[in-house]
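The block underneath contains the structure these notes are about, expressed in structure tokens.
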Amino acid sequence: MSMDITFCHRAPAVGAAAGTVARIVQGFARSFTSTADCADNVPEHGLLWIQNNAAWFPKITARLRQIPRQRRPFVVIWHGEPLPPPRASGLPRPWLNWWEIGKILLRDARATDVYTNWFTLRSLQRQGIPDVLFVSAPGRRDFLAERGICAEFVPFGYAPEMGRDLGLTPDIDVLFIGALDVPRRNRILRQVERQGVKLTAVGDWHNPAYWGENRVKLVNRAKILLNVSRTAGEYSGLRILLGLANKALVISETIYDPAPYVPGKHFVMAPVEEIPDLVRYYLTTTEERERIVEEGYRFALTEATMERSVDRILEICAQRMRAREGGAIVQAAADSGRA
């Protein structure tokens, strides 16, 4: 598959993952352009790849809406941000906190709450954008399917920037790394601490101490990495991968459909109220903890890779592009009276 590819991404929050995806995609491109949210960079042909969340690219999506469908580039969105849970999950609809509501009212392009993400995708879909929608979690695919929108599930895969085994002796029993301005998450972390778990909780979107090589070293120091989500049942594949890649045992609250990861094999999953007991158990059963860690590490580095995920996306795109081109030829023949 060789074509002109325009790759849209936003830093810094997804810079590492987007950078890895960009490098892989670039290897398949005849020409490659990387862009932020700039309407002038919307191409007239080739493939336009929006990485992670279309809500972050209002100028690009506005330009796409203005272009007649037959003149648009082939548009791909690989959506990696939360959406509301599917009805099949039995989970409640998430409540928004005050700053999420504030971003919605201010029409802030940084908004990433579940409803803004959903309304953006729904609005685009009504105008035939994108040509293919990919989502990084099975629950997001199921939510969209319940509303008549077809999406392909392709998980974010392991990339070298996420980590590796440094061979360190872990000196942190339990680590949580992530945004600490989330009320639900903070409440759960406090509950875990109150039950006697010695917890190190850190995270800041803008602090370099928690990104890149510093993050790799930090997670390598942990025996256990906790996964506590913004909303109940929400999938955080990147946090799971972060633990797997740096040989920390991931203990997660219950996730709706955690594929491709298997609880008990690649990580441990349980209701929130059971997490303190699980932490104590795996801190004292070193052999069993290391068995899961080794299996998860192997799976991340050899099977759940970003290369495999991107290859799958490009394979599906090639199939859909051929189908679209074939349809255009048939339509042109019909319009000319030769069909």
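The values are calculated or read from the model by the stated rules, or taken from the named source; none is laboratory data. Since this is a predicted model, take the numbers as computed values, not measurements. No Cβ is skipped: glycine too gets one built from the backbone with ideal geometry, and neighbour counts run over all protein chains shown.
For this structure, a couple of remarks:
- Answer residue from region 51-91, given it is among the basic types (Lys, Arg) and in a helix (DSSP H, G or I) and is farthest from Asp311 (Cα to Cα) among those: Arg87
- Taking each residue of region 309-323 that is on the phi < 0 side of the Ramachandran plot and looking for partners that are buried (at least 18 other Cβ atoms within 10 Å of the Cβ) and in a helix (DSSP H, G or I) with beta-carbon atoms closer than 7 Å, six or more apart or interchain, yields Val310/Val21; Val310/Ile24; Val310/Val25.
- So Ala109, is it outside the structural domain of Ile313 (by TED's automatic domain parsing) and modelled with pLDDT under 90: no
- Any hit, region 287-310, residues being modelled with pLDDT of 95 or more, outside the structural domain of Gln70 (by TED's automatic domain parsing), buried (at least 20 other Cβ atoms within 10 Å of the Cβ) and basic (Lys, Arg): no
- Any hit, region 21-43, residues being closer than 14 Å to Cys317 by Cβ, touching a Pro at 6+ places or on another chain (Cβ under 7 Å) and assigned to a strand (DSSP E or B): no
- Screening Glu213 against (1) loosely packed, with under 13 Cβ neighbours inside 10 Å; (2) farther than 22 Å from Leu238 by Cα leaves a single unmet condition, (2).
- Every residue from region 20-53 that is among the small types (Gly, Ala, Ser), surrounded by 15 or more Cβ atoms within 10 Å (Cβ to Cβ) and either in contact with a Cys (Cβ under 9 Å, 6 or more places away or on another chain) or at pLDDT below 90 (or both): Ala22, Ala29, Ser34
- Region 213-239, residues that are touching a residue at least 24 places away in the same chain (Cβ under 8 Å), farther than 29 Å from Gly139 by Cβ and not in a loop (DSSP other than H, G, I, E, B): Lys217, Asn220
- Residue list for region 185-197, filter: surrounded by fewer than 17 Cβ atoms within 10 Å (Cβ to Cβ) and either of a type in the set (Gly, Ala, Ser) or in a helix (DSSP H, G or I) (or both): Asn186, Arg187, Arg190, Gln191, Glu193, Arg194, Gly196
- Of all residues making up region 240-249, the number that are assigned to a loop (DSSP other than H, G, I, E, B) and under 23 Å from Asn186 (Cβ atoms): 1
- So Phe176, is it surrounded by fewer than 18 Cβ atoms within 10 Å (Cβ to Cβ), of a type in the set (A, V, I, L, M, F, W, C) and more than 17 Å from Trp78 (Cβ to Cβ): no
- Subset of region 47-99 (residues that are among the polar types (S, T, N, Q) and over 21 Å from Ala22 (Cβ atoms)): Gln66, Gln70, Ser89, Asn97
- Residues satisfying the stated conditions in region 260-275, i.e. part of a loop (DSSP other than H, G, I, E, B), under 14 Å from Leu244 (Cα atoms) and not aromatic (Phe, Trp, Tyr): Pro260, Val262, Gly264, Lys265, His266
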